[in-house]
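S.K.: Sharing a structure below in structure tokens format, with a few things to ask.
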Amino acid sequence: MTSQTITAAASGTWTLGDLTVNRMGFGTMRLTQHGEAFAAEAVPRDRDQAIAVLRRAVELGVNHIDTAAFYFSSLRSANELINRALAPYSHELVITTKVGPGRDPSGQWLPHATPEQLRGQVEENLRQLGRDHLDVVNLRIVGSDSIAERFGALADLRAAGLIRHLGLSNVRSHHLAEARSIAPVVCVQNMYGIGAGPEQKELLDICGEQGIAFVPFYSIAGTGRTAGATNGHSAEVDSVARSVARSHGVSAAQIRLAWTLHQGSHVLAIPGTGDLGHLAENVAAGCLSLSEGELAGLAAASEETA
């Protein structure tokens, strides 16, 4: 497979409300620094390199970029990099951002935003990105408490024209039901990958039934999150993934991305990287076709070690 000639269009498309995106997108969380995301000792990434990666992503057909105002390092802001690299924005480019958490200038996490503070976070994203509205805003939460007040505040901003579409992040099925009773939801962004539990799979299926995009994060790293692909999966899953990868002439990480997209036509991928080579590999994974046998083998390996 020659990744240099493959674009994100090969992954197929989905609609976020009235916005059509290629299913292989790009996440900017790692774009601001080397090392583990949000780690205090992480080294800021070269600005020119980060800008080059963003521009190359768009050249490769990526039209769905995931970001947040709280994606920053000591020297870099993901939103500022997006603005510098891609403005003026193509009408085909969809930028999805998140609100809810926050960080102070030192990088320390702050408590979840109140409904009143959410407007300030939305306005901060608008300012950093240089936009007069945000395409999609995800409310990110932690815990199982009601989100009615916070999601209602975002629904008000949507009605005011500051936000085009709304989504959710890190939620459970009852949060989705609660949010949909307030305003339309176009996407759910949750941790998901090979070996995901029944509750996670149930939410993925619910989204599919309701025509809502399901957007996994850490789909390569898995349960190990930022620790890396090998540490994030069992040895059995790693072995099967490497075997499938060898048969396709690709990397195990590409197989994990392809597996993600095989979970449903409503599933989108947003892998992030600051490396041009890895970017091309990620985009190329969008055209990989895995057989039923390969999918079954990966599923069996994850179940054996669950």
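The values are calculated or read from the model by the stated rules, or taken from the named source; none is laboratory data. Bear in mind that the values here come from a model prediction, so they are computed numbers and not experimental data. When we count neighbours, we look across all protein chains shown, and the Cβ atoms used for this are built from the backbone with ideal geometry, even at glycine.
S.K.: Closer than 19 Å to Ile270 by Cβ and of a type in the set (Val, Ile, Thr), is that true of Thr114?
M.R.: Against the criterion (closer than 19 Å to Ile270 by Cβ and of a type in the set (Val, Ile, Thr)), Thr114 does not qualify.
S.K.: Which of the residues that make up region 82-128 are loosely packed, with under 12 Cβ neighbours inside 10 Å and among the aromatic types (Phe, Trp, Tyr)?
M.R.: Result: Trp109, single match.
S.K.: Looking at (1) surrounded by fewer than 19 Cβ atoms within 10 Å (Cβ to Cβ); (2) in contact with a Phe, Trp or Tyr (Cβ under 7 Å, 6 or more places away or on another chain), which is the only condition Ser146 fails?
M.R.: Tallying (1) surrounded by fewer than 19 Cβ atoms within 10 Å (Cβ to Cβ); (2) in contact with a Phe, Trp or Tyr (Cβ under 7 Å, 6 or more places away or on another chain), Ser146 fails exactly one: (2).
Yes/no per residue for (1) in contact with a strand residue (DSSP E or B) (Cβ under 6 Å, 6 or more places away or on another chain); (2) more than 19 Å from Met29 (Cβ to Cβ); (3) free of Cβ contacts under 8 Å to residues at least 60 places away in the same chain; (4) in a loop (DSSP other than H, G, I, E, B):
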residue	(1), (2), (3), (4)
Ser247	no, yes, yes, no
Thr260	yes, no, no, no
Ser265	no, yes, no, yes
Glu281	no, no, no, no
Ala285	no, no, no, no
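S.K.: Looking for something modelled with pLDDT under 90 and surrounded by fewer than 21 Cβ atoms within 10 Å (Cβ to Cβ) - is there at least one such residue anywhere in region 283-299?
M.R.: Checked against the condition, which is being modelled with pLDDT under 90 and surrounded by fewer than 21 Cβ atoms within 10 Å (Cβ to Cβ), region 283-299 yields at least one hit.
S.K.: To continue, here is another question. Can you tell which of Gly35, Gly17 is over 18 Å from Gly286 (Cα atoms) and modelled with pLDDT of 95 or more?
M.R.: Checking each option against the conditions leaves just Gly17.
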